[in-house]
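Encoded as structure tokens, here's the structure I'll be asking about.
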Amino acid sequence: MKYTLEIEIKKPRSKVIELFDNPDNMKKWQPGLQKLEHVSGDPGQEGAKSKLWYTMGGRDVEMIETITKRNLPDEFHGTYEAPNVFNIIKNRFIEVDANTTKWISENEFQMSGFMMKMMGMLMPGAFKKQSAHYLNLFKQFAESEE
């Protein structure tokens with residue numbers, strides 16, 4: 001399952017990147033994130049791996065983030081592995097004008113296991129809705145920061 005989302009944030013690209021690139025900010029716009037732990041590689045750089053723990057829908061989910069491309073301020077790509085789900089996210093940040101940034105997020109979900117494959121087939125909108133929710137929460141967070 002693949003989809004692309006985009007959102008305009010009323011902040012300069014440099015500020016958006018500063019907020020996006022700071023792992024301490026993740027809990028401010030990703031509800032359910034309980035803990036983030038660096039596992040290997042140079043933190044925040046290509047090849048780095050981190051373990052993330054979320055509470056989603058009343059259940060605990062553990063995933064491994066791997067940074068696959070870091071070319072900020074233009075783009076940041078990563079993979080997210082959880083049981084029966086492999087998610088590839090390609091983020092691009094475009095300067096619309098001096099005070100507006102467009103965030104384009106390309107998402108691809110690869111599912112395994114009967115239940116996850118069924119969820120992907122029966123409820124593809126739920127994945128897109130969750131991704132859009134995170135983009136909106138980041139927008140709200142970024143636009144409230146000075």
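The values are calculated or read from the model by the stated rules, or taken from the named source; none is laboratory data. This is a predicted model, so every value here is computed, not measured. Note that each Cβ is placed from the backbone with ideal geometry, even for glycine, and that neighbours are counted across all protein chains shown.
Since MET56 meets every condition but one in (1) more than 17 Å from LEU137 (Cα to Cα); (2) surrounded by fewer than 16 Cβ atoms within 10 Å (Cβ to Cβ), which condition does it not meet?
(1) is the only condition that MET56 fails.
Moving to a separate point now. Does ILE94 fit the bill of being modelled with pLDDT of 95 or more, outside any helix (DSSP H, G or I), under 15 Å from the mean Cα position of the chain (by Cα) and aliphatic (A, V, I, L, M)?
No: the conditions fail for ILE94.
Let me ask something else about it. Could we say that THR68 is farther than 25 Å from GLN140 by Cβ and of a type in the set (S, T, N, Q) here?
Answer is yes for this residue.
Hey, can you tell me all the residues within region 33-49 that are within 20 Å of ILE89 (Cα to Cα) and either among the polar types (S, T, N, Q) or under 13 Å from the mean Cα position of the chain (by Cα) (or both)?
Once the filter is applied, which keeps residues that are within 20 Å of ILE89 (Cα to Cα) and either among the polar types (S, T, N, Q) or under 13 Å from the mean Cα position of the chain (by Cα) (or both), region 33-49 yields LEU33, SER40, GLN45.
Is there any pair linking a residue in region 51-65 that is closer than 14 Å to MET26 by Cβ and without any contact (Cβ under 8 Å) to a residue 40 or more places away in the chain to one that is of a type in the set (D, E, K, R) and exposed (fewer than 15 other Cβ atoms within 10 Å of the Cβ), with Cβ under 6 Å and at least six apart or on different chains, and which?
Here the result reads LYS51/GLU37; TRP53/LYS35; TRP53/GLU62, each pair linking region 51-65 to a residue that is of a type in the set (D, E, K, R) and exposed (fewer than 15 other Cβ atoms within 10 Å of the Cβ).
To continue, here is another question. What are the residues in region 27-50 that are of a type in the set (A, V, I, L, M, F, W, C), surrounded by 15 or more Cβ atoms within 10 Å (Cβ to Cβ) and without any contact (Cβ under 8 Å) to a residue 60 or more places away in the chain, if any?
LEU33, LEU36, ALA48
Right, next: Taking the condition of being surrounded by 15 or more Cβ atoms within 10 Å (Cβ to Cβ) and not in a strand (DSSP E or B), how many residues in region 1-22 meet it?
The number of residues fulfilling the criteria is 9.
If you scan region 55-69, which residues turn out to be hydroxyl-bearing (Ser, Thr, Tyr) and either within 13 Å of the chain's Cα centre (by Cα) or modelled with pLDDT of 95 or more (or both)?
Within region 55-69, THR66, THR68 qualify.
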